[in-house]
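Chemist: Sharing a structure, written as structure tokens. Questions coming.
Bear in mind these aren't lab numbers, they're just calculated from the coordinates by the rules spelled out. Keep in mind that this is a model prediction, so the values were computed, not measured. Don't worry about glycine lacking a Cβ; one is built from the backbone with ideal geometry, like all the others, and counts go over all protein chains shown.
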Amino acid sequence: MKVRLLLFFAMLSTLALAQRRITGTVNDVQGSPLLGASVFEKGNTSNGTITDINGAFEINVPAKTKTLIVSYTGFTTLEVDVPAGSLPMLIALQESSLVLDELLVIGYGSTSKRNLTDNVVKLGTKDISNIAVSNFQSTISGKAAGVRINQTNGKVDGGINIRIRGTSSISAGSEPLYVLDGMPVINVNESNNGAPMNPLLSLSPSEIESIDILKDASSAAIYGARGANGVVLITTKKGKAGNTNVSLNISTGVSSPTHLVEWLNASEYKELFTEAAINSFGEEDGKAEAEGAFDFLSNGTDWQNGAVDTDWNKIAFRDGSQSDIDLSVSGGDLKTQYYFGGALNKTKGILVGNDLKRMSARMNVKHQLNSKVSAGMNLGISKTIIDRVDNDNSFTSPLQSIAQSPLSPAYNDDGSPNANTLYANFLLEDLYASYTTNLRRITGKIFAEYNFTEKFKFNSDLGYDMSDQTEDQYRGTQTPFMSTNGYAYNSSAKSENYIWSNYFTYKNDISDNNNFTVVAGQEFNNSDRLFNSVTGTQFPSDNFTTISSAAEITAGKGDNSRYNFLSYFGRATLNLRDKYFVKASIRRDGSSRFGSNQRYGIFPAVSLGWLVSEESFLKDNSTISFLKIRGSYGQLGNSEIGNFASRTLYNGVSYNKISGIVLTQPGNNDLTWEKSRQLDLGIEFGILKDRLSGEIDFYKKDTDGLLFKVPLPGSSGQTVFNKNIGTLESKGIEIVLNSKNLSSGYTRWSTSVNLANNNNKITSLPNNNADIIVGENINQVGQAVSSFYLVEFAGADPANGDALYYKDGLGSETTNDYSEANRFIAGNPQPTWIAGLTNEVSYKGIALTFTFVGEWGASIYNGGGVYQSSNADFFDNQDKEQLNRWQKAGDITNVPQARLYGQNGTAQSTRYLQKADFIRLRNIMLSYDLPQSITNKIKLGSARLYISGVNLLTFTSYTGYDPEARADASGYGFDNGWNFYSAPQAKTTSVGLNVNF
Amino acid sequence: MKTRNLSLYIALLMFCSCESRLDVEPTLSISDEVALKSPENVKKLLIGTYEINGDAYSYGGYLQIFSDLLGYDNYVSWNGTFSEPREALTKNMFSNNSLIQEIWNNLFKVVSQSNLVLDHLDVFADDAERSVVEGEARFLRAMNYFDLVRMFGTEVNGVPIRQTAVTDFGGILEIKRNSTAEVYAFIQDDIAKAISLLPEENGEFADKYAALALQARVNLYLGKYAEARDAANAVIEQGGNVLSPSFADAFNLDVDGAEDIFMMQVTSQSGENQLIQMYASEENGGRGGDISINQEFLDIFDDDNDERKHFYYENPAANLLSSKYTNQFGNVPIFRLAEMLLIRAETNIRLNTFIGSAPLDDVNALRQRSNAAPLPTVTLEDVLWERQRELAFEGFAIYDLKRTQSSVQGLPYNSPKLVLPIPRSEMDANPLMEQNEGY
């Protein structure tokens, strides 16, 4: 009661006291007005205003008020004394140095970079926007140290692989947890054509305000059992108090493959294959064999005289394009802020038949009901329509057409696709079949905050995420391998996720520079998935393409599954004298994914920070402007092993339309999450007033209880067994350097470099550290995860052209008998070094920004090599290198003698393994901001014209299509470093216009 | 102050107590306790065993394909892109051949699930029901072990015998190879028991005559001609099968035909027919003719009127494709009466007996059906040629070659090149496994 009375008297006295009106303008140091800066009376946060488009403000304060607080995002908050006179105030805000005061989202709260004791990277709109890629993940490639972002290959819908600080798991998921505006979102691949798709394609990069990446254990531990691979926090755009801002962005561009492999032309093909046939069958029979094949391949054209010379690269690829339009309206006042946005993306892929169209809309509204309660809602909806092509391991995937002979015409004289090719002509599939994926997505959240006192508040967030993906395939009667008068497949995968988080925050400023914050809460997450599919054959004609017209329904599936998480979490941060920072957090997670006796896990973390530059001995140092030392240690979990991995499962099957059951998965009641413990030691510094600043981190991550599909001997009756086995150590260094090279007058030049090293090493495996070998990859103690394990190829025997292999590894005795050669560790599918380099140069309104990315240490195994680079083993077209085949005694070459059907050198070996080091100009943008004098005249807030490019330059010695292309077919892929007829990335150049009203 | 307390109370209420929600059961699958505890489910497990048995990598086709590619020299060409089957045709196989790995794994998978059935026969209260289930499981296990041992075994070194199902896959799974003799003893025992347990008639599932047919085939391969002859004779005389009216009628059947003793069932909704994939044109559901017939095969026919000689069609590349496999969803024949007649004929000649029928009559019955001139007399060699004509592309080539000690592509019948390698995956995961010579 006392408090209330006091408040009442305070209000009375306020009324009674004289008010005075203060006016002024807020500018940046260059004198440009700042729109939307907040101006508050010090000590009374309920009395404030914001600046208008001219930076002007007006505020009434009690006469006794001495100080105003002026703040603006990205600028240092200023306390200014109220002048005695009535002259308007002129306030200049300084851009905050080192972005030290920028707000970082850390999960159930935020903090500033200055006070941070963890390793978190923040990327803002300038890193994300105006880059011509259709998924948001690719925009930030190369911009965060130790974060590797790759699109599997150059299909518009290609899966995205993000590895934060390398791979910390072997067979559980390695993707980070994505959290959108505070709620973990569905990131499950629902593609049914064998090639994974990026489920977050549904999110337009234009909706995103910032992305915070939690890299170390201490930051990610608040996400407990799901944080082991790091956490990507996405914050969508919000309205800011101030005038209404309308922003329009239009861009359009063209794209092409980054690189093409050259294949034999018709005359080279004839020469090589005739020679190969003669080598295998003798002069006469060989010629006959080769010519018989050429007769067939040429499909009646005059191959003897070179009538046809098809370049299948030109048939498989085309010029792609990308267009974006996005429009948003945002603004608000001190009570209500809103953001409405809509975006349209149309991408025509570089592969024939691969297109994407996305429409998305977002509305974020927040309202302050009174001094205690605020509430709001975020809602994003989108629809993405993708025309898909087959997975890399399908004959009808466009890029498999490079296996076709150059003697084969792609089209008949009448323009229809030629059906008589060596392999099915994908053009038939392109023309007579379709595979369309529709992805509908709603991500919504309602939230409320109740402030019991200024120090104590309660947040309740209820999020809902719905992903509805349907796939419709129709294959007409003219498609390859068609024997059932048409074929249709429809599927529907619906996933719904709801999350309810409730948490209290208590923040106490003990004194001016001592404070502590405590967060405690609970979260419940329920995720349901419903899947249905139906397959039909026997259609009346190609005019009927829906399942209802199918005379025979040949397959149907219906399945639902669910997982739940129940979690409790707490975090306490302590700031002593703005110099010493301590943070501790704990989370207890329970998940339905694990056996009943292994259901709960506790994930604690602690971190410390010391802001050395605030100590008296450094405070006035002219060289060192900022210095912080921090360290963290914590435990995380990885629960990405599927919903029922621990159970013994028998599935229903059908034999002659009679039902049966089959043991599909042997159970393991002791299965639980992988636990990883991570230590991070970091130093952050700024030199010469932060002209040069940076961060150096060392980390070490130990994962134990690796979730593993242990290969079993087939003689046991099963081939894999889910088990928590083995330990993995992953360590590395991350270095970030930011330099303001030049900042004089209108000219600015800054450089940002990040460099990260990651070495992972398996430290123990089950069955007394027995090797686990899967295909060409091995998991062996002391070696990196999924290292390549291959026989070393030794080139051609100069005496007879036989393929030679090293018996016991590189440099040992050679043999032409493959079975005598032993396998050795031959490479690592993951890079050990990754780097990014960003430069920003500007002069007046002209700015040039570009980012290079680089990767070193990874190798790629070309699974198609046995067909493409086989010295004419079979009639697949060969790469030009095969022309260097051994021909006569004494020839020194790596290409053995051409022998048709001879399997001379086609066994799996390092012949098909290559280093995939590269440096790539990931993106570049040249922009011009129209001067204010012009924009004012045409009544625009601002206008910018830009040209931007993606992947325009690549420096590599890799000779395949692209060092960033991996196979997307199941069983191959990203983590084992396979390439299999995988499309190169797109290289895009676009122009755009960005205006604000 | 009260409102604050109330709000706090409401806020605390929002913390739900929902630990029971972490109990989530799968809906697609059932657990051990359910699957192995009722007679209904153990019977379903047996049907599931047939399903695995019909897998493409097994009796759905690859077993037959590997046998023929390995046994043929120039009867067929391999036109497909897959290098794995081509390795069999060129007799140059690698231990990492993924098809060989799948064949091995699938054969053992059937052994394992048959064992699971045999280990849980106690659930049956009804003895008759139990006998049939046991008989079928033993038949399937014997059939799979027979192919394991003749494909992967040498004259002395067999394959590991698993008499019971593995239940703890987290335990020790290392296992040694048994001797070939031990494996055959195990097979013979299973077959004998299956014959005594199985009924005369069992629909599309294995019956007594399927087990007898297997007994005939196994004993022929082992050179136990009297046993082979008697089993074949029992099938012919009591099995109730008759030859289909024409040769063409014996193939591409949606349901078991007159001469089919046992087939793997394929429908448009279940089962796999890999023979179609490899032998048929795209129009017929195949890959366009990965395996095509050469003139050398046509040359083995002694009568141009022989229907079997012309039992092919051309694909767009003008390759000759066998007409034995043109129905995409046709059943896969495993035991045909024709084989039994040929076994009886051969063993009667070898033993100089006339059990059941004269060898000449058995051989001519097949020739006449295909419109080939009957032979005046018949020798052992004639029967062996007749086997090639009648049973081509049905998976007999390498075994007939081995048991008659013939050579192929200059390789003697006992060349290590004609024995499949133990798959590398097995070698890698099973330290006790011993690799075959030459791999």
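Chemist: Roughly speaking, what is the stretch gain from A:Leu952 to A:Leu993, that is 0.36 nm per residue apart minus the C-alpha to C-alpha distance, in nm to one decimal?
Modeler: Gain in length upon complete extension: 12.7 nm.
Chemist: Which net charge results when you count Lys and Arg as +1 and Asp and Glu as -1 among the other residues whose beta-carbon is under 13 Å from that of A:Thr935?
Modeler: Spelling it out: positives minus negatives among the neighbours equals +2.
Chemist: For chain A, what does the helix formula give at 222 nm: sum of -39500 (n - 2.57) over DSSP H segments with n ≥ 4, over the residue count, nearest 500 deg cm²/dmol?
Modeler: Counting only the DSSP helices, I get -2500 deg cm²/dmol.
Chemist: Taking every residue in B:264-272, how many Cβ atoms of other protein chains lie within 10 Å of its Cβ, on average?
Modeler: Whole-number average of other-chain Cβ neighbours for B:264-272 is 5.
Chemist: Just to confirm the filter: which trypsin sites (Lys or Arg not before Pro) across the stretch A:319-409 are DSSP coil and have at most 14 other Cβ within 10 angstrom of their Cβ?
Modeler: Listed in order of number, the matching sites are A:Lys335.
Chemist: Of B:Ser244, B:Val183, B:Ser7, which is farthest along the charge dipole of chain B in the positive direction, counting Lys and Arg as +1 and Asp and Glu as -1 at C-beta?
Modeler: Positive-most Cα among the choices belongs to B:Ser7.
Chemist: To make sure I understand, if each residue's beta carbon is the centre and we count other beta carbons within 10 Å, what order do A:Thr484, A:Thr751 fall in, fewest to most?
Modeler: Final ranking by Cβ density, sparse to dense: A:Thr751, A:Thr484.
Chemist: Give the order of A:Phe824, B:Phe262 when sorted by the count of other beta carbons within 10 angstrom, beginning with the fewest.
Modeler: A:Phe824, B:Phe262
Chemist: Where the centroid of each part is defined by its Cα atoms, how far is the stretch A:250-305 from the stretch A:584-646 in Å?
Modeler: Cα centroid to Cα centroid, the span is 58 Å.
Chemist: Given H placed on each backbone N at 1.01 Å, which residues far from B:Ser179 in sequence or on other chains put an amide H within less than 5 Å of it?
Modeler: Under 5 Å from the amide H of B:Ser179: B:Gly158.
Chemist: Over 41 Å, how big is the tail of the calculated P(r) for chain A, in percent of all Cα pairs?
Modeler: That tail contains 46 percent of the Cα-Cα pairs.
Chemist: Normalised radius of gyration for the stretch A:19-95, please: alpha carbon Rg relative to 2.2 N^0.38 Å, two decimal places.
Modeler: The reported ratio for this selection is 0.99.
Chemist: Also, quick follow-up: With 10 angstrom as the radius, rank A:Thr25, A:Thr851 by how many other C-beta atoms surround their C-beta, starting from the fewest.
Modeler: The order, fewest Cβ neighbours first, is A:Thr25, A:Thr851.
Chemist: Quick one: 3J(HN,Hα) in Hz for the stretch B:72-83, Karplus 6.51/-1.76/1.60 with θ = phi - 60°, rounded, Gly and Pro as x.
Modeler: 8, 9, 10, 5, 10, 10, 9, 9, x, 7, 4, 7
Chemist: Next question, about the same structure. Taking Cα centroids, how far is the stretch A:838-909 from the stretch B:260-299 in Å?
Modeler: Their Cα centres are 37 Å away from one another.
Chemist: Read phi for every residue in the stretch A:218-224 and hand back ³J(HN,Hα) as whole Hz from Karplus 6.51 cos²θ - 1.76 cosθ + 1.60, θ = phi - 60°, with x for Gly and Pro.
Modeler: 5, 6, 7, 4, 5, 9, x
Chemist: Output the DSSP H helices from chain B with an along-axis C-alpha extent of no less than 15 Å and a mean Kyte-Doolittle hydropathy no less than -0.5.
Modeler: Passing helices, by number: B:2-13, B:39-53, B:98-119, B:127-152, B:180-197, B:208-222, B:225-238, B:337-351.
Chemist: What's the magnitude of the charge dipole for the stretch A:19-95 around its Cα centre, counting Lys and Arg as +1 and Asp and Glu as -1 at the beta-carbon? Answer in Debye, nearest 20.
Modeler: Magnitude of the dipole: close to 340 debye.
Chemist: For A:Thr235, what is the net charge nearby, where nearby means another residue's Cβ is under 11 Å from its Cβ and Lys, Arg count +1, Asp, Glu -1?
Modeler: Net charge around A:Thr235: -1.
Chemist: Take every DSSP beta bridge with both residues inside the stretch A:19-95 and express the antiparallel ones as a percent of the total, to the nearest 5.
Modeler: Close to 80 percent.
Chemist: Which whole-number percent of Cα pairs in the stretch B:313-439 have a distance greater than 26 Å?
Modeler: The answer is 44 percent, as a whole percent.
Chemist: I'd like the GluC sites (Glu not before Pro) in the stretch B:267-308 restricted to DSSP loop residues with at most 16 other Cβ atoms within 10 Å, sorted by number.
Modeler: B:Glu283
Chemist: Let me ask you something else. Over chain A, what is the relative contact order in whole percent, taking alpha-carbon pairs under 8 Å and six or more residues apart?
Modeler: Averaging sequence separation for qualifying contacts and normalising by length gives 12 percent for chain A.
Chemist: Ok, one more. Using the alpha-carbon centroid of each, what span in Å lies between the stretch B:161-226 and the stretch A:196-243?
Modeler: The two parts, judged by their Cα centres, are 59 Å apart.
Chemist: OK, next. Residue by residue through the stretch A:853-865, what is 3J(HN,Hα) from phi via Karplus (6.51 cos²θ - 1.76 cosθ + 1.60, θ = phi - 60°)? Round to whole Hz and write x for glycine and proline.
Modeler: Result, rounded to whole Hz: 10, x, 9, 9, x, 8, 10, 10, 9, 8, x, x, x.
Chemist: Two decimals, Cα atoms only, Kirkwood Rh: what is Rg/Rh over chain B?
Modeler: Checking Rg against Rh, the ratio lands at 1.08.
Chemist: As an exercise, identify the GluC sites (Glu not before Pro) in the stretch A:496-555 lying in DSSP coil whose Cβ has no more than 13 other Cβ atoms within 10 Å.
Modeler: Nothing satisfies the criteria.
Chemist: Hey, another quick one. Among bridges DSSP assigns within the stretch A:852-997, what percent are antiparallel (round to 5)?
Modeler: Roughly 90 percent of the DSSP beta bridges within the stretch A:852-997 come out antiparallel.
Chemist: Counting only DSSP beta bridges with both residues in chain A, tell me the antiparallel percent, nearest 5.
Modeler: Once the DSSP bridges in chain A are tallied, antiparallel ones form about 95 percent.
Chemist: Sticking with this structure for a sec: So how strong a dipole does the protein assembly as shown carry about its Cα centre when Lys and Arg Cβ are +1 and Asp and Glu Cβ are -1, to the nearest 20 debye?
Modeler: So the dipole magnitude of the protein assembly as shown works out to roughly 9000 debye.
Chemist: Based on DSSP H runs of at least 4 residues, each adding -39500 (n - 2.57), what is the mean residue ellipticity at 222 nm of chain B after dividing by all its residues, to the nearest 500 deg cm²/dmol?
Modeler: The per-residue figure over chain B is -14500 deg cm²/dmol.
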